[in-house]
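Q: This is the structure I have questions about; it appears just below.
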Protein chains: 2
Amino acid sequence: MTNKYKICIIIIVYCTFVCSYSVRNDNCDLDDALVKEIASYKNVTNKIIKDIKNELGSRMYNSFSEFIDKYGARPSGSKVLEDSIDHMINLTIGSGLNDVTTEEVEVPHWVRGTETLEMLQPHYKKVAIIGLGPSISTPSKGITAELIVVKTFKELDSLNKEDVQGKIVLFDEHYTSYGETVIYRVQAASKAARKGAVASLIRSVTPYSLYTTHTGSQHYDNDVPRIPTAAITVEDSHLLRRLFIRKNKIVLKLKMESTYDTQKSRNTIIDLKGAVDPDKYVIVSGHIDSWDVGQGAMDDGGGMMISWFAPVILNHLQLRPKRTVRAILWTAEEPGLVGAAQYLKLHINELDKINFIMESDEGTFEPLGLEVGGSKDAVCIIAEILKLFTPVDKLKVSKNPGSDIILFINKGIPGASLMNKNDKYFRYHHSEADTMDVENIDDVVNCAAFWAAVSYVIADLSVDIPRH
Amino acid sequence: MTNKYKICIIIIVYCTFVCSYSVRNDNCDLDDALVKEIASYKNVTNKIIKDIKNELGSRMYNSFSEFIDKYGARPSGSKVLEDSIDHMINLTIGSGLNDVTTEEVEVPHWVRGTETLEMLQPHYKKVAIIGLGPSISTPSKGITAELIVVKTFKELDSLNKEDVQGKIVLFDEHYTSYGETVIYRVQAASKAARKGAVASLIRSVTPYSLYTTHTGSQHYDNDVPRIPTAAITVEDSHLLRRLFIRKNKIVLKLKMESTYDTQKSRNTIIDLKGAVDPDKYVIVSGHIDSWDVGQGAMDDGGGMMISWFAPVILNHLQLRPKRTVRAILWTAEEPGLVGAAQYLKLHINELDKINFIMESDEGTFEPLGLEVGGSKDAVCIIAEILKLFTPVDKLKVSKNPGSDIILFINKGIPGASLMNKNDKYFRYHHSEADTMDVENIDDVVNCAAFWAAVSYVIADLSVDIPRH
């Protein structure tokens, strides 16, 4: 993992979820002509939505389901990810849109091997476990060590180093929100290693568990030893804490195997060329890779699919907006926005051509609106556009909407992520439970209809979305 | 598994959940003196509840948690079950109640070995699996066969035998309620074998899944070959059905190991001897065994614990009712009410001494009231008693409340099971998710308080609970 990836992980963690704020900008003073122009799109947006809801959307959903069922989990660097990218390229061409290109990306390829955790004392118990990528392996005989349980980094800091030295540390952290709590996943290993621990465990970062383990990325600091690190279920984390509080001596045996190298992957770029300004882009995006568990249907199969669908269906409906609608299927988001970082690097001299950048990576449940990052004027225009989609008209202003697109928003490009009724998102996130069962057909179709129609309006508007 | 166990399983399935009906008997005409007598218990029931809620209940909860955390799953026939029985005996004596006996029971001892299911075609996928007890093993090299997927027994019946012969059958049954749906778990193997299948799978019997497998008992008919049988997750069941509907040839490789013998276990009997009629019994009960997954905290650790607690706490509070309050910790409920059947057999000549029999085996969530089986007069008295516990005063009349106690209710003994807010019960049932996390301290304490107080009143009343 290069420094680039590490920085990206930290950006995801600290910004995507923590820094957003929810302030509706009600002080807009848009030009009347622009307001009228936006309102004039009502017929076309209604038609797009109607056509998609009628039949085209359910066909897309079937393609989505076939894709997910065929490839399942699509981890960064794997052959199945590349096969799934080829599938989407063929699907695009098969749909009649031929403007598909790919850009090569070198991506992390961390492969989980056998992982087991056993409690040997005070009594024997198998403990479900999932390694956090890219954890190192344990020695082949495993690590057998005493466990200490803390709730917070602060609690660990308060301990003497000799009390931690040679032990396994479990962070039984309290879940408040993903944004706040995920720092335990990201930093557990290095925080524990700094105190001399030989391995670290966290309670899975989720608000609800049916003995479910949740993986995700973590980050090794360079100035401390790298130690194996994994998540256990909420239930076992509570159990181990109770045993610890009762003064039991807890001895665990941890075995983890993994390999790590880099592989070639690709960002996939699908263009519906603009009728007037083909060199100006409205980007709609989602990531095609997933973690190596479940089917990657929610994270981010659904977001990838509705973004892919936007230019494809506009082309099918013979709706060609002024600017290019570009769908990007990012590769290797999960190990740290790797595909997006490569796109930014390759296109760094043409960022002014990106008029607006959109991302769906927080579920395709019932659509609610958009979480927008950009200037006050940008927010005002998007707010006006959202009036076309009532009741899907919620607007949340955020410094950092989305995950991949944060890299672009931070460069001053306005953008938005899909707001949807995703209050149960973190039940499934990065777990075996991220399957097609999460993806309700009506919700996905409604998201796809909104996504295509809103991207059409932004791409066709007489004015660019203003920057800061 | 003997015929006795088979009959018991069928009783559980068809009666416990299917046959109950919810009719409040409002046509009571109790003697005024009895109504007044019942009302006079308000002070004592208030005191019992207050004392338990104040501190005694949380101490009990801590004992419960320590018990569950120490022993975890306690399958029929296992050493850990016997150790856990010894623990409860010692806990009873330690609490100052010495009247503890055990009665030997020969119980099934089915031990799950390694179980794996892999999809080999149309592409490779590991499929989570849990064998249904007491499934036979596959040959050691496993069973590799094509899959057919049906939704109902009727759909299987409609197929030609040659289309099923040599294949694995998956029942992707629709979940309506446990009572209706569990017949797929119980009968899948023999229904499939009757058509020539070599193994059967069911979708786990649950209304909600996070890729969770649920085990449970099943029944082999004597007139068809015994075939291996297991449950998969709701998510994989849906996936396999989608692949099947899309005309994919699905080939599975199933490996299952298990052993089966019988062992000695014990019903545990704890008496608070009655002050006036020590030979008359009000029984409170729950089962101490569990399935071999999770911690068996909900099914039935909680029910066992609050039943154990009733005579213990009444003794501690120096409340000795007229009749004996007998707690029974049934053994081997899960393989088919084995402990309860043995108790019935041993005590068949003294059933007239059982005044009332209570059971908690459907969760110890927020208490609601009682599900009562018995004569109209019995129901009327219980309804009157429940008025002491408002708002825990719901009454549901049922032909077959409970599971173990059905054997006694069927002999004409009046009884009741604990009604509680258990609408999420089947998310956890027979799965790894049945842990102490399900057992909220306030709910368990409130159940325990209600259970002890209501059993006290019934045991102390001037009149016996009338039979049919």
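Q: Would you please list the contacts, defined by Cβ atoms under 9 Å and residues six or more apart or on different chains, that run from a residue in the stretch B:78-95 that is not assigned by the TED database to the domain that holds residue B:302 to a residue that is small (Gly, Ala, Ser)?
A: none
Q: Scan A:417, A:431 and give me the residue that is crowded, with 24+ Cβ neighbours inside 10 Å and within 30 Å of residue B:203 (Cα to Cα).
A: On inspection, the qualifying residue turns out to be A:431.
Q: Now for a different question. Within the stretch B:297-313, identify whether any single residue is open to solvent by less than 10 Å² (accessible area, probe 1.4 Å), within 14 Å of another protein chain (Cβ to nearest Cβ), in contact (Cβ under 8 Å) with a residue 40 or more places away in the chain and in a loop (DSSP other than H, G, I, E, B), and answer yes or no.
A: Scanning the stretch B:297-313, I find no residue that is open to solvent by less than 10 Å² (accessible area, probe 1.4 Å), within 14 Å of another protein chain (Cβ to nearest Cβ), in contact (Cβ under 8 Å) with a residue 40 or more places away in the chain and in a loop (DSSP other than H, G, I, E, B), so the answer is no.
Q: Separate question: Among the candidates B:62, B:98, which residue alone is more than 14 Å from chain A (Cβ to nearest Cβ) and under 26 Å from residue B:451 (Cβ atoms)?
A: B:98
Q: If you go through the stretch B:419-454 one residue at a time, how many are hydroxyl-bearing (Ser, Thr, Tyr) and under 15 Å from residue B:368 (Cα atoms)?
A: Let us first name the residues in the stretch B:419-454 that are hydroxyl-bearing (Ser, Thr, Tyr), namely B:425, B:428, B:431, B:435.
The next check asks that each one be under 15 Å from residue B:368 (Cα atoms); those that pass are B:425.
Of the residues in the stretch B:419-454, 1 are hydroxyl-bearing (Ser, Thr, Tyr) and under 15 Å from residue B:368 (Cα atoms).
Q: Please give the number of the condition residue B:437 fails out of (1) more than 14 Å from every other protein chain (Cβ to nearest Cβ); (2) surrounded by fewer than 24 Cβ atoms within 10 Å (Cβ to Cβ); (3) in contact with a Ser or Thr (Cβ under 9 Å, 6 or more places away or on another chain).
A: Just one mismatch for residue B:437, condition (1).
Q: Restricting to the stretch A:381-399, count the residues that are closer than 13 Å to residue A:416 by Cβ and not in a loop (DSSP other than H, G, I, E, B).
A: Qualifying residue count, the stretch A:381-399: 10.
Q: Would you check which residues across the stretch A:355-370 are surrounded by 23 or more Cβ atoms within 10 Å (Cβ to Cβ) and in a strand (DSSP E or B) and list them?
A: A:355, A:356, A:357, A:358, A:359, A:367, A:370
Q: Answer yes or no: is there a residue in the stretch B:145-163 that is in contact with an Asp or Glu (Cβ under 8 Å, 6 or more places away or on another chain) and within 14 Å of chain A (Cβ to nearest Cβ). Break it down stepwise before answering.
A: Let us first name the residues in the stretch B:145-163 that are in contact with an Asp or Glu (Cβ under 8 Å, 6 or more places away or on another chain), namely B:148-152.
Restricting the remaining residues to those that are within 14 Å of chain A (Cβ to nearest Cβ) gives B:149.
Scanning the stretch B:145-163, I find at least one residue that is in contact with an Asp or Glu (Cβ under 8 Å, 6 or more places away or on another chain) and within 14 Å of chain A (Cβ to nearest Cβ), so the answer is yes.
Q: Would you confirm whether any residue within the stretch B:440-449 is farther than 23 Å from residue B:278 by Cα, within 14 Å of chain A (Cβ to nearest Cβ) and either open to solvent by 30 Å² or more (accessible area, probe 1.4 Å) or in a helix (DSSP H, G or I) (or both)?
A: yes
Q: Right, something else. Which residue out of B:111, B:44 is in a helix (DSSP H, G or I), surrounded by fewer than 18 Cβ atoms within 10 Å (Cβ to Cβ) and touching a residue at least 40 places away in the same chain (Cβ under 8 Å)? Break it down stepwise before answering.
A: Details: B:111 fails: in a helix (DSSP H, G or I).
It is B:44.
Q: I'd like the full set of residues that are over 13 Å from the mean Cα position of the chain (by Cα) and in a strand (DSSP E or B), limited to the stretch B:409-436.
A: Across the stretch B:409-436, the qualifying residues are B:415, B:416, B:419, B:420.
Q: Continuing with this model, one more query. Assess whether residue B:236 counts as being of a type in the set (D, E, K, R), assigned by the TED database to the domain that holds residue B:120 and open to solvent by 10 Å² or more (accessible area, probe 1.4 Å). Quick ask: steps written out before the conclusion?
A: Values: of a type in the set (D, E, K, R): yes; assigned by the TED database to the domain that holds residue B:120: yes; open to solvent by 10 Å² or more (accessible area, probe 1.4 Å): no.
No: the conditions fail for residue B:236.
Q: For the stretch A:156-228, which fully contained helices (runs of 4 or more DSSP H) count at least 1 residues that are assigned by the TED database to the domain that holds residue A:115, under 25 Å from the mean Cα position of the chain (by Cα) and closer than 30 Å to residue B:206 by Cα?
A: A:178-181
Q: Test residue B:258 against the stated conditions and say whether it is open to solvent by less than 10 Å² (accessible area, probe 1.4 Å) and at pLDDT 95 or above.
A: no
Q: Being buried (at least 19 other Cβ atoms within 10 Å of the Cβ) and out of contact with any Pro (no Cβ under 6 Å at 6 or more places or on another chain) is the filter here; which residues of the stretch A:64-76 pass it? Give the steps one after another, and end with the answer.
A: Our first condition is that a residue be buried (at least 19 other Cβ atoms within 10 Å of the Cβ); within the stretch A:64-76, this holds for A:64-65, A:67-69, A:71-76.
The answer is A:64, A:65, A:67, A:68, A:69, A:71, A:72, A:73, A:74, A:75.
Q: Take the stretch A:237-284 and flag every residue that is among the hydroxyl-bearing types (Ser, Thr, Tyr) and more than 14 Å from chain B (Cβ to nearest Cβ).
A: Across the stretch A:237-284, the qualifying residues are A:258, A:259, A:260, A:262, A:265, A:268, A:281.
Q: Taking residue A:266 as the residue in question, decide whether it is outside the structural domain of residue A:173 (by the TED database), open to solvent by 20 Å² or more (accessible area, probe 1.4 Å), more than 16 Å from residue A:150 (Cβ to Cβ) and at pLDDT 95 or above.
A: Yes.
Q: Any chance the stretch B:329-341 includes a residue that's in a helix (DSSP H, G or I) and either over 30 Å from residue B:112 (Cβ atoms) or open to solvent by 10 Å² or more (accessible area, probe 1.4 Å) (or both)?
A: Scanning the stretch B:329-341, I find at least one residue that is in a helix (DSSP H, G or I) and either over 30 Å from residue B:112 (Cβ atoms) or open to solvent by 10 Å² or more (accessible area, probe 1.4 Å) (or both), so the answer is yes.
Q: Regarding residue B:342, is this residue polar (S, T, N, Q), in contact (Cβ under 8 Å) with a residue 24 or more places away in the chain and farther than 30 Å from residue B:463 by Cα?
A: No, not satisfied.
Q: Tally the residues that are open to solvent by 50 Å² or more (accessible area, probe 1.4 Å) and aromatic (Phe, Trp, Tyr), restricting the search to the stretch B:145-162.
A: Residues meeting the conditions: 0.
Q: When you scan the stretch B:175-198, do you find a residue that is within 14 Å of chain A (Cβ to nearest Cβ) and not small (Gly, Ala, Ser), even just one? Quick ask: steps written out before the conclusion?
A: Filtering the stretch B:175-198 down to residues within 14 Å of chain A (Cβ to nearest Cβ) leaves B:175.
Going one step further and asking which of them are not small (Gly, Ala, Ser), we end up with B:175.
Yes, the stretch B:175-198 has at least one match.
Q: Could you tell me whether residue B:165 is of a type outside the set (Val, Ile, Thr) and open to solvent by 10 Å² or more (accessible area, probe 1.4 Å)?
A: In short, yes.
Q: Tell me which residues, restricted to the stretch A:185-212, are closer than 20 Å to residue A:239 by Cα, of a type outside the set (Val, Ile, Thr) and open to solvent by less than 30 Å² (accessible area, probe 1.4 Å).
A: A:185, A:188, A:199, A:200, A:201, A:203, A:204, A:209, A:210
Q: Specify which of the listed residues (A:156, A:132) is in contact (Cβ under 8 Å) with a residue 40 or more places away in the chain and more than 30 Å from residue A:273 (Cα to Cα).
A: Being in contact (Cβ under 8 Å) with a residue 40 or more places away in the chain and more than 30 Å from residue A:273 (Cα to Cα) holds for just one of A:156, A:132, which is A:132.
Q: Also: If residue B:454 meets every condition in (1) part of a helix (DSSP H, G or I); (2) surrounded by fewer than 24 Cβ atoms within 10 Å (Cβ to Cβ) apart from one, which number is that one?
A: Tallying (1) part of a helix (DSSP H, G or I); (2) surrounded by fewer than 24 Cβ atoms within 10 Å (Cβ to Cβ), residue B:454 fails exactly one: (2).
Q: Answer yes or no as to whether residue B:293 is farther than 17 Å from residue B:358 by Cβ, modelled with pLDDT of 95 or more and of a type in the set (A, V, I, L, M). Give the derivation first.
A: Numbers: farther than 17 Å from residue B:358 by Cβ: yes; modelled with pLDDT of 95 or more: yes; of a type in the set (A, V, I, L, M): yes.
In short, yes.
The values are calculated or read from the model by the stated rules, or taken from the named source; none is laboratory data. Only a predicted model underlies this, so the values are computations on that prediction, with no experimental measurement involved. Don't worry about glycine lacking a Cβ; one is built from the backbone with ideal geometry, like all the others, and counts go over all protein chains shown. Heavy atoms of the whole protein, side chains included, go into the accessibility calculation; ligands, DNA and RNA do not. Shrake-Rupley method; radii C 1.70, N 1.55, O 1.52, S 1.80 Å.
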